[in-house]
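Below is one structure, written out as C-alpha cells, with a few remarks after it.
The values are calculated or read from the model by the stated rules, or taken from the named source; none is laboratory data. As the structure is a prediction and not an experimental result, all values here were calculated from the model. Cβ coordinates were reconstructed from backbone atoms using ideal geometry, including for glycine residues, and neighbour counts include every protein chain displayed. All accessible areas refer to the heavy atoms of the entire protein, side chains included, with ligands and DNA or RNA removed. Shrake-Rupley method; radii C 1.70, N 1.55, O 1.52, S 1.80 Å.
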Amino acid sequence: SQKAPQGRVRIIAFSGENEFKPYRLNSGNFAFYLQSRERDYIVMQDIEADHLQAAAHEYTHLIIRHDKLDLPLWLDEGLADLYSSLEPRGKQALVGRPLPQHIMTLRTLPWINLNTLFAVDRESPYYNQSDKMQVFYAESWELTHMINLSPSYNSRFADFLTTVNGGTGSAEAFEKVYGKSVAQVGKDAHDYMNRATVPAAIFNVTLKKSDLDADAAPLSEFQTELALCDLLASRPQTAGEARRRLLILEQQNPGNAEVEASLGYLAWQENDA
C-alpha cells in the first residue's frame, strides 16, 4: 500500500476522557482517524505504549482511505483490527496474532447474524452503542482474519476485496468469489473460531532510520486551537462549533492568514459563496 504523504499525518492526544469527548465520532471511541482538508489525523485519548494497537488500527483506516478503497464497514473495521496486531520481529513483521478481547467476546456473547453484520453502517446501533459495538468489532475481526489468512479463503481474498470495492454486496460477493452462501460462510467462521491454532502472516520489512523518526514537536496554544478547529470543521455536526472558535481566534489574531483560510474553507464546504 502507498504511504500517506510525508508530514501530513498528525497524532493528537487528549489528557483525559472529558477533553476527548467533544471530538470523538461516537460514544464508544477510544481513538479515531479523520481526514481534513489539510492533513490526516489520528486522535486518541492518550499515547501510552499500551495503546499502540489503537494507533495501528487507525493508521490502517488511513491507508485504506489513501488507497481509495470503498469497503463495507465490517471489512473496513476488520482489516483495521487485523493489522492492529502488527508486531516487529527483527527484519520482519507478524500480522494475525489473536486479539484476546475479541476471543473473549466471541466465546461469551451471541454472534450477530451475518446478514445483519453486512448491513451495519455508521448510523447503526452496532456501530454506536458500546455493548453492540463489542460484538460487531469482534465478529468483523474474526471474519476478516479468516478470509485474509486461512488457506481455504486467502487465495481469493484479493478478488473478494476488488468485488466488494466495486459495489457488490458482501453476501453476493461471497457467492460470486467463493461459491458459498452466507450460511456456509457463517459455519466456516464458527469452525475457524474453534480451531486450536490460527494462521498468521510474516512480511519482510526494510526501513531506513529516517522512516522511523517521527516529527514530534510541541504545538503553541494558537496552533493547538487551530488544529482542533480543523477537526471540528471536518464534520457537519460540529462545523458550527468550529466557526465559533475560529471567530474567537480571528479576534485574538487579526489578519492571521491561517485563520482566514480556515474560515474560507469552512464557508466553501457549506456552499456559502
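Data for the structure
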read-out: List LYS68, LYS180, LYS208, ordered by accessible area with a 1.4 Å probe, largest first; value: LYS68, LYS208, LYS180
read-out: Accessible surface of region 80-121, 1.4 Å probe, proportion on carbon and sulfur as whole %; value: 59
read-out: Computed lengthening from ASN115 to GLU172, 0.36 nm per intervening residue step minus Cα-Cα distance; value: 19.4 nm
read-out: Where labels lie 7 Å past Cα in the beta-carbon direction, separation of ALA257 and SER155 in nm; value: 5.8
read-out: Whole-number accessible area per residue in Å² for region 53-92, which is evaluated in the context of all protein chains at 1.4 Å; value: 44
read-out: Sequence of GLU139, GLU123 from largest to smallest accessible area, 1.4 Å probe; value: GLU123, GLU139
read-out: ARG122-ARG37 pseudo-label distance in nm [points 7 Å out on the Cα-to-Cβ vector]; value: 1.8
read-out: Within-14-Å neighbourhood charge of ASN148 [Cβ basis; K, R +1; D, E -1]; value: -4
read-out: Inter-label distance for TYR265 and ILE103, nm, one decimal - labels placed 7 Å from Cα along Cα-to-Cβ; value: 4.3
read-out: Förster-model FRET efficiency, 30 Å R0, LEU52 and ARG235, C-beta, rounded to 0.05; value: 0.70
read-out: Pairs from LYS68/LYS208; LYS68/LYS180; LYS132/LYS208; LYS91/LYS132; LYS91/LYS176 whose Cα-Cα separation, in the structure shown, is over 30 Å; value: LYS132/LYS208; LYS91/LYS132; LYS91/LYS176
read-out: Region 150-273 - percent of accessible surface contributed by carbon and sulfur, probe 1.4 Å; value: 53
